[in-house]
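The values are calculated or read from the model by the stated rules, or taken from the named source; none is laboratory data. These numbers were taken from a predicted model, which means no experiment stands behind them. All Cβ positions, even for glycine, are placed from backbone atoms using ideal geometry, and neighbour counts span all protein chains on display. The area values use the complete protein model at the heavy-atom level, side chains included, leaving out ligands, DNA and RNA. Shrake-Rupley method; radii C 1.70, N 1.55, O 1.52, S 1.80 Å.
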Amino acid sequence: MPATWDIEDYGDFCLTLSRNHTPEQVLTAFGAAPGEARLMTAAQCETEVEITGGSALLRAGRFGTWSFCMESANPIGFSDLILKNLCGGSEVFSLSRSGHSMTLFKYAKDGQLSEWFEPRSSQTVHGGSQHAFFQRIQNIPPGTSAAMASLKVMFEHVGADLTPDILNGPLLTVNLGNVDHALLARPVPDFQIPTRIGTRSVLGRYLGTIG
């Protein structure tokens, strides 16, 4: 994990990682038209892109065999619909933080949501996989924030680092206007993890961050 990249500087964010997809395919899964994308640096976005309450700024690129989308304004990449669009015959991560300072980790593979949780909050764990992502995050020293610990585990799985040079450099950028937040907030029935009896669901907290 690049020591110089501190995701805590981002406020609200969503980082989506998808294996064996191109950046253009990632943008399409988000509902954007790749043909409208421009190669822009992070600095250019700050001065040339106007963000409104109904838009989402998507910045997509590639590292290794994985592509990513980084959002730092009105993020939407944690929605089940977008993750389902990306994980058929593949695998995808989503790490997000809402305005309520809640960090959410999701992992989906082969068309199915495998696990999701708030890092370091055992009562929120839903599902599980052979990769044991929740426990691996728990094993990171407690002085590391939940978001940074999650990044470390994600990049270990990917086998590559999303470096500051990649993140701040030229990426395919789309300012997606008129996002249908109501559509993205709807559960995708065949994508859900069944809630175990006796397990507290935090779906209400999660869906409340959209909009």
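Take the residues of the range 112-123 that are in contact (Cβ under 8 Å) with a residue 24 or more places away in the chain and in a loop (DSSP other than H, G, I, E, B): which is surrounded by the most Cβ atoms within 10 Å (Cβ to Cβ)?
P119
Return only the number of the condition from (1) within 18 Å of L162 (Cβ to Cβ); (2) touching an Asp or Glu at 6+ places or on another chain (Cβ under 8 Å) that I137 does not satisfy.
Among (1) within 18 Å of L162 (Cβ to Cβ); (2) touching an Asp or Glu at 6+ places or on another chain (Cβ under 8 Å), the lone unmet condition for I137 is (2).
Output the number of the condition that E24 fails; it satisfies all remaining conditions of (1) at pLDDT 95 or above; (2) acidic (D, E); (3) within 15 Å of S96 (Cβ to Cβ).
(3)
Yes/no matrix, rows are residues, columns are (1) touching a helix residue (DSSP H, G or I) at 6+ places or on another chain (Cβ under 6 Å); (2) under 13 Å from L184 (Cβ atoms); (3) small (G, A, S):
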| site | (1), (2), (3) |
| --- | --- |
| R62 | yes, no, no |
| W66 | yes, no, no |
| P75 | no, yes, no |
| L83 | no, yes, no |
| C87 | no, no, no |
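Here are G128, G143: which of them is open to solvent by 70 Å² or more (accessible area, probe 1.4 Å), modelled with pLDDT under 90 and over 20 Å from G77 (Cα atoms)?
Of G128, G143, the one residue that is open to solvent by 70 Å² or more (accessible area, probe 1.4 Å), modelled with pLDDT under 90 and over 20 Å from G77 (Cα atoms) is G143.
Any idea how many residues of the range 58-73 are of a type in the set (A, V, I, L, M) and closer than 15 Å to P34 by Cβ?
2
Please work out if D165 is free of Cβ contacts under 8 Å to residues at least 60 places away in the same chain and of a type in the set (D, E, K, R).
yes
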